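Asker: Dumping the structure here so I can ask a few things about it.
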Amino acid sequence: MQRKQILVTGGAGYIGSHTIVTLLEEGYEPIVLDDFRNANPAVIKKLQKLTKKEIPFFNFSCCDFDKLIQLFKKYSFSGVIHFAADKAVGESVVNPLKYFDNNITGLISLLKVIEKYPNTNLVFSSSCTVYGNPTSYPVTESFPVGFNSPYGFTKLCNEQMLMQFHTALQSTKICSLRYFNPIGAHESGLIGEEPIGAPNNLVPFITQTAAGWREQLTVFGNDYNTPDGSCLRDYIHVMDLAEAHVSALKYLEKRKEGCNAIFNIGTGIPTSVLELIKVFEQETGKTLNWKFGPRRAGDVPAIYANVEKSLKELHWKAKRSVNEAVLSAWNFQKHSLITNPSIK
Ligand code: WQD
């Protein structure tokens, strides 16, 4: 039977690469588009080694409409998963135009193509960042939305664009996934979170500190109004997140009419920074070198998901624990040490 072809923009990135593995396991034929601004080109070879499959990939930006429409003429995509975007909250504050240009222009270019190929299902990579600073938890999809950074603004703007695009073209089938905090790596240790330069995110900073690549972890703030004073987040294993994308594709394939649906993709379980450090030390037997520091601008004290809607409508639920996720991140780090002992 002809395998359904799926365009995966940003497919060489952290979440994109893990989703490629799951798409192949589920019988899809993924085609990767990536400009490698936030991804290591070596990931493609690692994916081919891991999956033992040829994975076609193209190296250009989604913003390039002329090239993008050529891809749709070459393949018969049944769906697109749109990951391609810049995603560092802190960087977006100092360089908002880079975020407006890539994250908004990229989606405009893709929607201009989908306008000509309206039967293409679209799964969009959104973020819990659109909830801004919630005053109660867990958050449901109907909570008020806002933004705390130019990055968050672009994700909210993207969601609004999708809503209005669907209103104009009611036959289109669209699903936005609001990720909480993706962590961890594929069990092989071959692919994982590989930030370029010093990590912004907590878990890669923890594993790089434990590996001796970083001197010490700073915990940003211990005076939040939370049980132990450090921020609460909803950390989800990246493989659970990858599986959520396939569930979203299947959800769209089953629908008879058009739709524009939004789902929280988290575990529903809050974990504090201090608890995560404790989990890392318990699971790895390593003692982490850390200290408290001042709060980081833009951090919200707490956010975690109500995941009832995803379970009810996507028939998806996170299966892996935060312990498994942290251990898989450490396994990837150790694998990187073996293959790239000197990179920092
Ligand atoms: C988590 C907690 C920090 C680093 C990220 C993405 C965002 C969205 C959700 C995709 C916070 C603390 C961190 C460090 C620390 N994902 N921390 N020391 O900010 O919740 O958001 O995931 O859209 O785009 O940025 O994740 O891992 O940066 O921080 O104490 O060295 O860890 O203060 O409380 P965040 P994070």
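Asker: Among the residues of the range 315-326, is there at least one that is touching a Lys or Arg at 6+ places or on another chain (Cβ under 7 Å) and not in a loop (DSSP other than H, G, I, E, B)? Outline the logic, then answer.
Answerer: The initial filter retains those residues of the range 315-326 that are touching a Lys or Arg at 6+ places or on another chain (Cβ under 7 Å), namely none.
Within the range 315-326 (the criterion being touching a Lys or Arg at 6+ places or on another chain (Cβ under 7 Å) and not in a loop (DSSP other than H, G, I, E, B)), the answer is no, since none of the residues qualifies.
Asker: Name every residue in the range 200-253 that is without any contact (Cβ under 8 Å) to a residue 24 or more places away in the chain and of a type in the set (F, W, Y), in order of residue number.
Answerer: F205
Residue by residue, here is whether (1) within 17 Å of the chain's Cα centre (by Cα); (2) assigned to a strand (DSSP E or B); (3) closer than 30 Å to P118 by Cβ holds:
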| site | (1), (2), (3) |
| --- | --- |
| S171 | no, no, yes |
| C175 | yes, yes, yes |
| A185 | yes, no, no |
| E193 | yes, no, no |
| I196 | yes, no, no |
| N200 | yes, no, no |
| T209 | no, no, no |
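Asker: What pairs come out if I take residues in the range 151-172 that are within 17 Å of F263 (Cα to Cα) and pair them with residues that are of a type in the set (V, I, T) and not in a helix (DSSP H, G or I) whose C-beta lies under 6 Å away, six or more apart or interchain?
Answerer: Correct list of pairs: L156/V145; L162/I174; H166/T172; H166/I174.
Asker: Yes or no: G189 on the phi > 0 side of the Ramachandran plot and in contact (Cβ under 8 Å) with a residue 60 or more places away in the chain?
Answerer: It is true that G189 is on the phi > 0 side of the Ramachandran plot and in contact (Cβ under 8 Å) with a residue 60 or more places away in the chain.
Asker: Only one of S272, S247 is crowded, with 18+ Cβ neighbours inside 10 Å, within 29 Å of S176 (Cβ to Cβ), of a type outside the set (A, V, I, L, M) and within 10 Å of the ligand (Cβ to nearest atom). Can you tell me which?
Answerer: Exactly one residue qualifies, and that residue is S272.
Asker: If only one of K73, K49, K98, K112 is more than 16 Å from the ligand (Cβ to nearest atom), over 24 Å from Y251 (Cβ atoms), free of Cβ contacts under 8 Å to residues at least 24 places away in the same chain and part of a helix (DSSP H, G or I), which one is it?
Answerer: Exactly one of K73, K49, K98, K112 is more than 16 Å from the ligand (Cβ to nearest atom), over 24 Å from Y251 (Cβ atoms), free of Cβ contacts under 8 Å to residues at least 24 places away in the same chain and part of a helix (DSSP H, G or I), namely K73.
A short reminder: the numbers here are calculations on the coordinates, not readings from a lab. Keep in mind that this is a model prediction, so the values were computed, not measured. Note that we place each Cβ from the backbone using ideal geometry, even for glycine, and neighbour counts take in every protein chain shown.
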